[in-house]
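Please read the structure below before turning to the comments.
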Amino acid sequence: TRDNDLYPRSGRYLQAKAAIAREELGSDDNYSTLELEWNAYRPFGEHHVLAWRIAGKVADGDAPFFALAWFGSGVDLRGYTPGRYMGESMIAAQAEWRWQATPRWGLVAFGGTGKVSGALGDIDTDSWLPAAGAGVRFRLIKALPLNLRADFAWGRDDSTFSLAVGEAF
């Protein structure tokens, strides 16, 4: 129910992805993955948006490293180098405040926490990993709500800088 795919200000977004790899289907591996994400957006006045997200992933079987759950890419937290925290299951929750200060420039502040662990039943045995950060937005075309984003984020023992087109979620 998002009001816009590029810069949502209101509504919700739910996505589920499943993948199955089996030798009998021509794969070199036997595993399956399930990813879920839920985003919500709420405007505050004309220039402010509060966005929040809950995401998770589970990998089952003999999954190769690229199919595992990990922070630093995909449905996760900013502030972690990809591959530093990997496992068979992951859960993350984060919130982001967005302020469109001028027609071309905006600022964001974000924070969240999550876990990466072994099998799904083990998800509560690892410590929570915090993340927080801030960013600058530049509207590429005045008539189209598409931003270039520059985010600096801090994790428990790492920090990252990312430059990308479009919002993080």
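The values are calculated or read from the model by the stated rules, or taken from the named source; none is laboratory data. In this text the structure is predicted, and so the values were computed from the model without any measurement. So basically every Cβ, Gly included, is an ideal-geometry build from the backbone, and we count neighbours across all protein chains shown. These area figures cover heavy atoms from the full protein model, side chains too; ligands, DNA and RNA do not enter into them. Shrake-Rupley method; radii C 1.70, N 1.55, O 1.52, S 1.80 Å.
Overview of values
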read-out: Filter result (at pLDDT below 90 and among the β-branched types (Val, Ile, Thr)) within the stretch 81-97; value: Thr81
read-out: Restricting the stretch 66-86 to residues that are farther than 17 Å from Pro130 by Cβ and of a type outside the set (A, V, I, L, M, F, W, C), the residue that is least open to solvent (accessible area, probe 1.4 Å); value: Gly83
read-out: Of all residues in the stretch 87-98 being part of a strand (DSSP E or B) and more than 12 Å from the chain's Cα centre (by Cα), the one that is surrounded by the fewest Cβ atoms within 10 Å (Cβ to Cβ); value: Trp97
read-out: The stretch 55-92, subset hydrophobic (A, V, I, L, M, F, W, C) and out of contact with any Leu (no Cβ under 9 Å at 6 or more places or on another chain), residue nearest to Thr160 (Cα to Cα); value: Trp70
read-out: Selection count where residues are open to solvent by less than 30 Å² (accessible area, probe 1.4 Å) and acidic (Asp, Glu), scope the stretch 29-49; value: 1
read-out: Residue satisfying all of: in the stretch 50-65; open to solvent by 30 Å² or more (accessible area, probe 1.4 Å) and not in a strand (DSSP E or B); nearest to Ala40 (Cα to Cα) among these; value: Phe65
read-out: Residue in the stretch 136-147 that is more than 23 Å from Asn39 (Cα to Cα), in contact (Cβ under 8 Å) with a residue 40 or more places away in the chain and open to solvent by 30 Å² or more (accessible area, probe 1.4 Å) present; value: no
read-out: Pairs where the first residue, in the stretch 1-22, is closer than 30 Å to Ala63 by Cβ and among the hydrophobic types (A, V, I, L, M, F, W, C) and the second is open to solvent by less than 70 Å² (accessible area, probe 1.4 Å) and in a loop (DSSP other than H, G, I, E, B), C-beta under 7 Å, 6+ apart; value: Ala21/Ser27; Ala21/Asp29; Ala21/Asn30
read-out: Top-ranked residue in the stretch 1-21 [being out of contact with any Lys or Arg (no Cβ under 6 Å at 6 or more places or on another chain) and in a loop (DSSP other than H, G, I, E, B); ranked as most open to solvent (accessible area, probe 1.4 Å)]; value: Asp5
read-out: Number of the condition not met by Glu24 [criteria: (1) over 30 Å from Arg139 (Cβ atoms); (2) open to solvent by less than 70 Å² (accessible area, probe 1.4 Å)]; value: (2)
read-out: Residue match in the stretch 58-78 (condition: among the β-branched types (Val, Ile, Thr) and in contact (Cβ under 8 Å) with a residue 60 or more places away in the chain); value: yes
read-out: Residue match in the stretch 23-40 (condition: modelled with pLDDT of 95 or more, more than 26 Å from Gly155 (Cα to Cα) and part of a strand (DSSP E or B)); value: yes
